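To start, the structure itself, in structure tokens.
The values are calculated or read from the model by the stated rules, or taken from the named source; none is laboratory data. Since we're looking at a predicted model, the values are computed, not measured. Counting neighbours? That spans all protein chains shown, and the Cβs are built from the backbone with ideal geometry, glycine included. Side chains included, ligands, DNA and RNA excluded: accessible areas come from the protein's heavy atoms. Shrake-Rupley method; radii C 1.70, N 1.55, O 1.52, S 1.80 Å.
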Amino acid sequence: MTRLSLGRVLRLSLLSLGALIFLAPYLFMISTAGKAQSEIFSSSLALIPEQWSYVENFTKALSRVSMPTLLWNGVVVCALIFIVQVVVAIPCAYAMAKLKFRAARLMMVLVMLGLLVPIHATALPLYVAFDRLSVLNSYMALVAPFSISVFAIFLFLQFFRALPDDLIHAARLDGMSETGIVARVVVPNAWPAITAFAIFSVVAHWNDLFWPLVVVTNQEYATPPLGLLYFRAAEAGDDYGALMAATLIITLPLVAAFLIAQKRFVEGITMTGLKG
Amino acid sequence: MSVLSLRTITKSFAGNAILKGVSLEADEGEFIALVGPSGCGKSTLLRIVAGLDNADGGDIVIGGREVSSVAAADRNVAMVFQSYALYPHLTAGQNIAVPLAMRRLTAAQRFPFIGNLLPGQRQIRADIQRQVREMATSLRIDHLLDRKPGQMSGGQRQRVALARAMVRHPSVFLMDEPLSNLDANLRVHARGEIVELHRRASVPTLYVTHDQSEALSMADRVAVMIGGTLLQLAPPQEIYDDPAHIEVARFLGQPRINVLETRMDASGSVRFGALTLAAQNTPPSETPVLIGVRPEFVRLSPRTDGILKARVERTEFLGSEVIVHARLDAIGEAIVAKVAPVEAATLSEGLPVSVEIEPDRVMLFATTGERLRAQTIAVASMLEKAHG
């Protein structure tokens with residue numbers, strides 16, 4: 001019994017240490033968000049602010065840039081990207097997993113190739129194209145490049161392969177069209193995969209700075225990370241307390257969403273056999 | 001008039017012929033069991049009839065309509081799958097309602113939210129609900145309608161799958177080993193139920209199974225498929241008593257039929273060991289033949305003066321009967337007999353015994369497997385013995 005509990009203690013302390021290492025920057029951010037300008041630049045390093053200036057910093061963060069606009073843009077962009085990606089990827093993955101057609105192999109190769117090409121490689125041609133179409137500084141420019149996610153296709157493909165063929169056959173005999181099968185049989189049974197993909201997609205695009213930086217110059221369309229950049233530029237980069245407060249506001253939605261839906265997320269990831 | 005007819009259906013996968021020209025006719029209300037060892041193509045045939053797979057050649061006619069190029073949904077066939085294939089996200093009631101909703105509601109009426117506002121659908125939905133309830137009551141699953149497949153036992157799921165298939169009154173009913181996922185007791189019970197349901201609905205049924213007792217006990221006619229060929233299609237008793245092919249004889253019957261290799265001589269008599277059988281009505285010619293005798297027609301007696309001598313090797317007690325394995329002294333071949341426990345008590349292991357075979361129960365097969373028909377076989381052994 002003692003041995004067992006010793007092992008447990010060891011394991012728990014190891015895990016706690018790991019958690020601490022990963023949480024430290026975030027904790028430091030929370031702490032800094034409550035410090036006054038003078039304290040941040042003092043030589044002493046304390047986790048708990050000597051003088052609580054949360055209200056002051058948050059007021060600054062909320063008044064200097066339009067925080068609601070940033071958050072709203074973030075929500076709109078992430079939601080649009082996610083919805084379009086799922087709507088495109090699910091029928092595609094279904095066809096590749098369950099239908100027999102000649103180009104299936106070729107498509108698989110293309111999907112694999114697609115996984116290898118990062119956005120940075122295609123950023124310039126896309127930028128030029130959007131410029132010519134005069135759609136820079138719009139939701140369109142923020143969303144369109146991500147509408148087809150090969151990662152989503154790949155993830156759903158793996159998941160759909162595990163769906164029993166008989167289920168699809170039964171649906172066909174019951175009189176469903178292929179679209180009907182996707183909508184009525186495949187999607188309702190693919191929620192674990194869809195939730196898993198939601199985490200990857202939303203986290204990636206909420207936090208993305210690179211692409212918004214390329215296509216957006218108008219503050220009206222700035223996403224949260226881009227907004228932070230503007231905030232820093234506007235403040236000449238020295239008001240770290242307010243900056244941290246703004247960062248806290250921006251990261252809060254994701255943290256909250258994760259904490260609320262933690263159980264389902266973990267389920268989703270473990271069910272698809274994917275590890276973060 | 002045949003409701004379902006299959007004509008020379010062929011199918012091959014990657015160069016392997018799975019179905020080599022299968023033809024079959026099912027009459028109104030007939031229950032046909034397709035039986036064969038795994039990999040014989042019986043499930044493939046069922047899938048082709050259902051329209052889930054395309055045949056390479058041949059015709060499928062359902063109710064007088066050639067349906068080879070008709071989509072699965074429009075053939076009006078229903079299928080029960082081995083895995084039941086119930087929609088896991090729907091309750092039993094919703095599962096049963098799916099085929100009705102797909103047929104009776106228009107695409108617009110089925111559309112989420114908007115569909116519920118369209119005129120006329122309320123009446124249809126209520127009607128579907130009523131039919132689902134009736135079906136469920138007749139299968140005694142009405143208390144399960146609100147449960148999802150995950151919350152049901154195997155037997156309950158199987159009934160829901162049956163209900164889903166039957167509720168829309170298909171013109172042909174296909175079943176792909178629907179009982180193989182049930183435990184032994186439930187399986188025997190479910191057999192009776194399916195036969196009963198079939199009688200009531202009187203829809204021609206193709207029932208695929210690898211279990212010969214299921215096939216023989218349930219079907220009006222049994223089709224034995226081996227290696228992609230339909231070897232024989234006949235009523236259970238006939239196919240058992242009068243198999244057309246050695247493989248059919250081997251496949252049906254537990255324990256398996258005794259098959260002994262021997263030769264027919266120029267005078268048309270067949271001998272193995274000291275036993276001689278006269279084959280009549282056959283042109284006498286010297287040719288190797290196979291002799292088949294079912295274990296229940298082999299008698300063993302603890303005497304040493306018989307014509308065919310053997311030694312008991314092993315006995316298997318099965319309750320109502322005992323399977324005795326013996327080895328023939330003369331040719332060293334094993335022979336299996338099915339005997340009553342009372343008789344078996346006298347047959348201990350290693351005991352020398354006499355083997356008697358009911359002569360008119362002996363079947364002759366060519367080495368290619370075909371039955372050598374129109375033969376009655378008389379025992380010439382008594383004569384032989386007198387001379388010897």
What residue, among those in the range B:13-28 that are closer than 20 Å to B:LEU197 by Cβ and open to solvent by 20 Å² or more (accessible area, probe 1.4 Å), is nearest to the chain's Cα centre (by Cα)?
B:ASP27
Tell me the residue from B:GLY36, B:GLY41, B:GLY64, B:GLY57 that is more than 14 Å from chain A (Cβ to nearest Cβ), out of contact with any helix residue (DSSP H, G or I) (no Cβ under 8 Å at 6 or more places or on another chain) and buried (at least 19 other Cβ atoms within 10 Å of the Cβ), please.
B:GLY41
Over the range B:132-182, the set of residues among the β-branched types (Val, Ile, Thr), without any contact (Cβ under 8 Å) to a residue 60 or more places away in the chain and open to solvent by less than 40 Å² (accessible area, probe 1.4 Å) is B:VAL132, B:ILE141
Just checking, which of A:ALA24, A:ALA19, A:ALA79, A:ALA61 is out of contact with any Asp or Glu (no Cβ under 7 Å at 6 or more places or on another chain) and surrounded by 18 or more Cβ atoms within 10 Å (Cβ to Cβ)?
A:ALA61
Enumerated helices (runs of 4 or more DSSP H) restricted to the range A:1-72, each holding at least 1 residues that are of a type in the set (Phe, Trp, Tyr)
A:2-32, A:54-64
Can you report the number of residues in the range B:230-282 which are in a loop (DSSP other than H, G, I, E, B), at pLDDT 80 or above and either in contact with a Leu (Cβ under 8 Å, 6 or more places away or on another chain) or open to solvent by less than 10 Å² (accessible area, probe 1.4 Å) (or both)?
4
Residue check: is B:ILE335 assigned to a strand (DSSP E or B) and touching a residue at least 60 places away in the same chain (Cβ under 8 Å)?
yes
Exactly one of B:SER213, B:SER285 is modelled with pLDDT under 90 and hydroxyl-bearing (Ser, Thr, Tyr), and that residue is B:SER285
Give me a count of the residues in the range A:139-171 that are surrounded by fewer than 17 Cβ atoms within 10 Å (Cβ to Cβ), within 14 Å of chain B (Cβ to nearest Cβ) and of a type in the set (Val, Ile, Thr).
0
Test: A:PHE130 is closer than 30 Å to B:ARG103 by Cβ and open to solvent by less than 40 Å² (accessible area, probe 1.4 Å)
no
Filter the range A:174-187 down to the residues that are farther than 21 Å from B:ALA165 by Cβ and within 13 Å of another protein chain (Cβ to nearest Cβ) and list them by number.
A:GLU178, A:THR179, A:ALA183, A:VAL186, A:VAL187
Do the conditions hold for B:SER83, that is, is it over 14 Å from B:LEU206 (Cβ atoms), facing chain A (nearest Cβ under 9 Å) and either surrounded by fewer than 20 Cβ atoms within 10 Å (Cβ to Cβ) or in contact with a Cys (Cβ under 7 Å, 6 or more places away or on another chain) (or both)?
yes
